Amino acid sequence: MLAVATPEVLWWALLPVLFLSVGGLLLLTVASLVRRLPDWLPQAWTVVTGLAVLVACVPMWCEVRDEGPRTTLAGSVAVDGSTVLVTAVLAAVVVAVALLARPYLRREDLPGVEVYVLLMLSAAGGVVMASADDLIVLFLGLEILSIAVYVLAALHLRRIESQEGAMKYFVLGAFASAFLLYGMALVYGATGSTRLALVAEHLSATVLVDDSMLLAGIALLLVGLAFKVAAVPFHAWTPDVYQGSPTPVVAWMAAGVKAAGFAAMVRVLVTSLGTHASDWAPPVGVLAVASVLVGAVVAVLQTDVRRMLAYSSVAHAGFLLLGVQAADADGTAAVYAYLVVYALLATGSFAVLTVMGGDGDAAHHLDDYRGLARRRPVLAGAFTLLLLGQAGVPFTGGFVAKLGVLAAAVADRGYWVAGLAMLGAAAAAFVYLRILVSMYLEDPDAEAADGSTGPAVPLGARVVIGVACAGVLFVGLVPGPLLDLARDAVPVLVGS
Amino acid sequence: MDAAVFIVSAVVVLTGAAGVLVARNPVHAALFLVQTLFGVAVLFVLQDATFLAAVQVIVYAGAVVILFLFVIMLLGVDRAEDLGIEPIAGQRSVAAIVGASMLGLLLTVLLVGVDGPTGARGANAALGGAEDNTRRLGEALFTDHVFAVELTALLLTVAVVGAVVLARRVRGPLQPMPVVTVASATGSDDASATGSDEATATGDDPAAEADDEGEAG
């Protein structure tokens, strides 16, 4: 037998994936062997795992900064700033969702281990997506992430809406995965490799006489990725799934899945297919404007706060796409800064919604927020800050994030795109204003006014909302550190 | 010799395929499918693609058809079906058109010979001897694509965990639908029942549909 040279493995670079996947599987094994697991253990285990990943990110960041980006496992995993940044975002969201999940599960009387297991496995898939330097690895990461999220969406077994939303998400998601896979196959056919670095190398070294196959591949890739990040017209699942799924899970969908999706999109489109930016940037611009406008306008028509935030997340996806279509380092840095801020805003907002949901997770109508400022002034104040952040009001992180992507679009001479997106932002502000008016200016219902002080806010939710608000304010007042971080995180292609 | 093997296996493949179409009993159709798949495996061997041939036998003839048979027997449809009824109106004519156009496309590609642009050659493009092919595939899987192989394991684990979670019995009463209560929503205690409930729930819920239309406008 001939000895086969196995690829070099940088174990420290794989630590986040290993922590999350092994953590999830270990919890699963222990939970299935031990008859009565202490109530607090799964949550604590998830939080510890998430924090361990966050801690592991620090030396990774330093290593990448000092030694430069590199690849491992024969060029299928990229170790660069964007990997570390998105991994850290995902780990932080995992911790936040775990903190929100336990009081939620107890309130809804749901079994309490699967959420954490699937959350960690899903996050492992997200980290793989963020670090994938190979189309096959990217696809596998996306599937690990998605399948876990489909099940998480259906986890409220007694709510038929949860099942309905999960079914829609699953069927449409399977379609989107098929599109993505077909796109990958065509790109592979046109370039002869699934390695992103080799794809880029091939495209920069050769001029294709007939690039129809490549363009078809890029188009299909775009469909698959746009579905994952919920961009118009691939957003149809968003409101139903956000409305039906358990609210802590929605926080993961909004913050985690979107972050992983955009990390993958940036790496594939901007860094690897950058030579063909003139082909894919205009359609991405159209997707961006359509998402911002449709998301903002349709959100105004909703009366369910979860549906409102679902459409507003579509609008946010549009803003993120604005940074992607700029197709340069500035745009990419703006996307990463936006992702960090949006992760704060989304987890914070959905933490408030988790608290507000009440028994049965049903009290999400706009009327349920009437007079909240009088019943729960601190909660209402925090929600106000998060909504203002989502609207992009100055001195909040949302302003910094929106300014970044708009500046990137303008610098790329996308005046029309940027102008229309600003119009959409103005329309979206109306949505958040409606919730604020309901909280502050309208009187509470008669029954709610009878001395009830509104929903109880568990400790975990307090921590999440507090950290999110502090983060949003900090980025709004001192944007420098985040912007530097995002600039350092712009992915670089390293040939294998 | 090659030609003789080709002709024999082609006959095996074609009679099997015809048998799948003609057989009245679904179980017989599945067995004819096995015959076709074995014939294709022989064709693969003829092309020196021994690994593919083995996979063809193990995965398709071994696993996939067995699953078919499981489903056929579990659902209790192991008897002749009345093929006169069209389950979906107009389905057959559409299928005929699509099939004919696919055949046309294939013939065009074969006869006209569209020379599509492709890039560099893939890792397993160069075919050597019989063992070489298998070894190359194995090498590629455990060197270049080792991470993908490991991730596939994780993916399958996630899928199994998800299936078990969804197939579990529901504790406690179901929450009523906010708008329209579904008649069958009371007794769903396994995954398949829940799945069918969802289908009816999404279809029968006029409020949700109206809502969707409102959003589209």
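The values are calculated or read from the model by the stated rules, or taken from the named source; none is laboratory data. Note that this is a predicted model, so its numbers are computed, not measured. Please note: Cβ atoms are built from the backbone with ideal geometry, for glycine as well, and neighbour counts cover all protein chains shown.
Where helices (runs of 4 or more DSSP H) fall entirely within region A:317-435, those with at least 2 residues that are modelled with pLDDT of 90 or more and out of contact with any His (no Cβ under 8 Å at 6 or more places or on another chain) are at A:329-356, A:377-391, A:397-411. All told, A:Ser82 falls short of being within 14 Å of another protein chain (Cβ to nearest Cβ), buried (at least 22 other Cβ atoms within 10 Å of the Cβ) and not hydrophobic (A, V, I, L, M, F, W, C).
Restricting region A:180-207 to residues that are more than 9 Å from chain B (Cβ to nearest Cβ) and among the small types (Gly, Ala, Ser), the residue that is surrounded by the fewest Cβ atoms within 10 Å (Cβ to Cβ) is A:Ala205.
Assess whether A:Leu366 counts as being surrounded by fewer than 21 Cβ atoms within 10 Å (Cβ to Cβ), closer than 20 Å to A:Val298 by Cα and touching a Ser or Thr at 6+ places or on another chain (Cβ under 6 Å). Yes; evaluated as a whole, the condition is true for this residue.
Of the residues making up region B:137-171, those that are outside any helix (DSSP H, G or I) and at the interface with another protein chain (Cβ under 7 Å from one of its Cβ atoms) are B:Thr143, B:Asp144, B:His145, B:Val170. With the condition being within 29 Å of A:Val17 (Cβ to Cβ) and more than 25 Å from the chain's Cα centre (by Cα), I'd like the helices (runs of 4 or more DSSP H) fully within region A:137-235 carrying at least 3 qualifying residues. Helices (runs of 4 or more DSSP H) meeting the threshold: A:160-191, A:196-205.
Cβ-Cβ contacts under 9 Å between residues 6 or more apart (or on different chains), taken from a first residue in region A:138-151 that is of a type in the set (Asp, Glu) to a second residue that is in a helix (DSSP H, G or I), are listed as A:Glu143/A:Gly125; A:Glu143/A:Ser177; A:Glu143/B:Leu151; A:Glu143/B:Leu155; A:Glu143/B:Val158; A:Glu143/B:Ala159.
Would you mind stating whether B:Leu74 is modelled with pLDDT of 85 or more and over 26 Å from B:Arg135 (Cα atoms)? Criteria not met by B:Leu74.
Tally time: how many residues in region A:116-151 are aliphatic (A, V, I, L, M) and within 8 Å of another protein chain (Cβ to nearest Cβ)? Let's see the steps before the verdict.
We begin by selecting, within region A:116-151, every residue aliphatic (A, V, I, L, M); these are A:117-121, A:123-124, A:127-130, A:132, A:135-138, A:140, A:142, A:144-145, A:147-149, A:151.
Still in the running and within 8 Å of another protein chain (Cβ to nearest Cβ): A:117-118, A:121, A:124, A:128, A:136-137, A:140, A:144, A:147-148, A:151.
Adding up the residues that qualify gives 12.
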